[in-house]
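Following: one structure in structure tokens, then a few remarks.
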Amino acid sequence: MTESFRRSGEYPQGDHHGSAYPEQQSQPSSPVNPEWPPPPAYDPAGPVHVEPGTTVWPGSGSGHGSGGGNGGHTAGPYAGHPEPDPAGTTAAFATVAPGPTEPPASPAGKRRAKGPFALLAAVAIVAAAIGGGTAYAFQELTGNDTVATSSTTSANVVPTSQRGTVSGVAKAVSPSIVEIGATSNAGSSTGSGVIITTGGEIITNNHVVAGASEIKVQLADGKSYKADVVGTDSKKDLALIKLDNPPSGLKPATLGNSDGVQVGDQVVAIGSPEGLTGTVTSGIVSALDRDVTVSTDEGQSQQQQQDGSGNGQWPFEFGGRQFNGDTGSSTTTYKALQTDASLNPGNSGGALIDMNGNIVGINSAMYSAASDSSSSSSSAGSVGLGFAIPINTVKSDLATLRAGGSDS
């Protein structure tokens, strides 16, 4: 509402018989709403539009006079309404562009969304802005058995300043990789695993824990905890174990999307080869969808046991040839990612990671010439022929593993 102001004595004053505006006398009196001034006693002149964005209203030339708030208003018959301008001057006011009407203020206590819903919405927005950290934040709010996953392989787990570097990936993901020590009647073996929930759930290979009577897990900080097998799936060479009395502050890894992996992509492997906890190697994805055959016979896992023979390899078959020993008669075949990142005994169950810090595979099989009886000891070690179970296979099998696995 546009208001104008008049100065005292600017218009003729007098009783109702001598009014300068006789038409006012024909207006019947009516009750006045205390919140609004009475209507004008005459038909105010309409606005004159002179140019886009500017509207000229007839009014007093003193409309820009001093006075703030209501203090600048002068009581009289035109209070709160435009007054006739005897001098013929006008006051120009910028027209405000129409916009959405703001709803009236709600009573105190109803202006904010309910606490828990507002908090989750805020976390979801922040999560969308920072990628992988979102999943972790959402997991903290909704429960400690929620797996942090990414629908693409581009969720940014690694800080921006270190993205695309092996050191950045190692720093971001190493706290989520563990060393697993399994003991059975035949001896003991060392493998690796990936923390997937703050509640202490860990993904590893079935052959790492098959037949184990006791399982110990060493975290990246060097502390050790006992663990139990939750479920196994020998057909996919996967197992889910869980820490007894897990500590607070576990950092679960973000499971990526292995369908987005391409040949030539750079990857990082983290595990505990030969018991060397937290070893980091790097390479590329050499091939996709390799048919890798492994044993499903629990007794066959004894070849992987460190029983003093020095043979800590897990036997597998590829391309019609057997590596690291005899796979036996009971076998299964799965599609694997092939990598030239250095993998050695003990890397089984560890992580294959993209350069954004997402887990794209679980390392499961590797060939070492040292396992070949015709090879000399000088040829021991990785020869750049390793395989990993695609992480999408892991994600699709997780519910089965939590229910006890397909072998139960």
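The values are calculated or read from the model by the stated rules, or taken from the named source; none is laboratory data. Please read these numbers as outputs of a predicted model, since none were measured by experiment. Positions of Cβ are generated from backbone atoms using ideal geometry, with glycine treated the same way; all protein chains shown enter the neighbour counts. For the accessible areas, the whole protein counts, side chains as well, though only heavy atoms, and no ligand, DNA or RNA atoms are used. Shrake-Rupley method; radii C 1.70, N 1.55, O 1.52, S 1.80 Å.
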(request) Among the residues of segment 209-229, count how many are aliphatic (A, V, I, L, M) and either touching a Ser or Thr at 6+ places or on another chain (Cβ under 6 Å) or open to solvent by 50 Å² or more (accessible area, probe 1.4 Å) (or both). (result) 4
(request) Return only the number of the condition from (1) farther than 17 Å from Val394 by Cβ; (2) open to solvent by 10 Å² or more (accessible area, probe 1.4 Å) that Asn206 does not satisfy. (result) (1)
(request) Kindly establish whether Gln322 is at pLDDT below 75 and farther than 20 Å from Ile391 by Cβ. (result) no
(request) Out of the residues in segment 316-358 that are assigned to a strand (DSSP E or B) and without any contact (Cβ under 8 Å) to a residue 12 or more places away in the chain, state the one that is surrounded by the most Cβ atoms within 10 Å (Cβ to Cβ). (result) Gln322
(message) Restricting to segment 356-391, count the residues that are at pLDDT below 95, farther than 21 Å from Val217 by Cα, of a type in the set (A, V, I, L, M) and touching a strand residue (DSSP E or B) at 6+ places or on another chain (Cβ under 7 Å).
(response) 5
